[in-house]
1. Which is over 19 Å from the mean Cα position of the chain (by Cα) and not β-branched (Val, Ile, Thr), of Leu135, Leu150, Leu157, Leu126?
2. What's the number of the only condition in (1) open to solvent by less than 30 Å² (accessible area, probe 1.4 Å); (2) modelled with pLDDT of 90 or more that Leu180 fails to meet?
3. Between a residue in the stretch 77-91 that is part of a helix (DSSP H, G or I) and any residue that is of a type in the set (Val, Ile, Thr), which pairs come within a Cβ distance under 8 Å, given they are 6 or more apart or on different chains?
4. For the stretch 96-154, what are the residues that are more than 26 Å from Leu57 (Cβ to Cβ) and among the basic types (Lys, Arg)?
5. Filter the stretch 17-67 down to the residues that are over 24 Å from Val97 (Cα atoms), open to solvent by less than 70 Å² (accessible area, probe 1.4 Å) and of a type in the set (A, V, I, L, M, F, W, C) and list them by number.
6. If you check Arg187 against the conditions, is it open to solvent by 60 Å² or more (accessible area, probe 1.4 Å), of a type in the set (D, E, K, R), closer than 25 Å to Val55 by Cα and touching a residue at least 60 places away in the same chain (Cβ under 8 Å)?
Amino acid sequence: PEFDIFWQLALIIFPVMSITLAADQTCSDRIRGTLRFIVLRSSRDRVFFGRFAGVMLIQVLLISAAALSTLALVMNRDASLFTVALPDLVVLIVDLVLIVLPFTAMMAALSARVKSARQASLWAILIWTFMAGILNGLAYYLPGLDFLKLLIPGYQLSEVAQLSGWQALQLAYVPFLQGLVLLGLGRWIMARQAL
């Protein structure tokens, strides 16, 4: 039961936290002019993907710490559940890392384009809200366009919330593909953005 509660709360908390945590990947350095100095010693791709990987590593650590604290609650209730709970813990961490992947990639793309972390967060919320509304409306009136929902980061969260454990990995391809598309878009923006 502890993992079920953690799963339901984490599906809400970690994507929102990802938007705020990953908002300033490159924008403040570009405004201060330090990105120009960094790019003298490294390529734009290395900076872009390195910052993305760094933010993802921080999120993996935060997700793991939260999951381990949930495991501590399980152990506090019944220590004999350790061998049963450990595989579930690993699956939860992998699922949550995949879920925050497209949100972090979206923030990497926005950070490459806008001037501040606050602006990146605002644009992310606006784009996410309006894109979800428009694409859901199109899918409602034109059911053949239902596949366009795949463009919305986190659209599968309601379906994933009903699954648990290894079942949730059935939809792992959705955030992975969304993350790849958004990272490609962010790389394209970063390559053409003035420093």
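The values are calculated or read from the model by the stated rules, or taken from the named source; none is laboratory data. Nothing here was measured: the structure is a model prediction, and the numbers come from that model. Because the Cβ atoms are built from the backbone with ideal geometry, glycine has one as well, and the counts that use them run over all protein chains shown. Just the protein is used for accessible areas: all its heavy atoms, side chains included, with ligands, DNA and RNA removed. Shrake-Rupley method; radii C 1.70, N 1.55, O 1.52, S 1.80 Å.
1. Leu135
2. Among (1) open to solvent by less than 30 Å² (accessible area, probe 1.4 Å); (2) modelled with pLDDT of 90 or more, Leu180 violates only (1).
3. These pairs meet every condition: Leu81/Val74; Phe82/Val74; Ala85/Val74; Leu89/Thr70.
4. First, pick out the residues of the stretch 96-154 that are more than 26 Å from Leu57 (Cβ to Cβ): 126, 129-151.
Lys149 - this is the single residue of the stretch 96-154 that is more than 26 Å from Leu57 (Cβ to Cβ) and among the basic types (Lys, Arg).
5. Leu35, Ile38, Val39
6. yes
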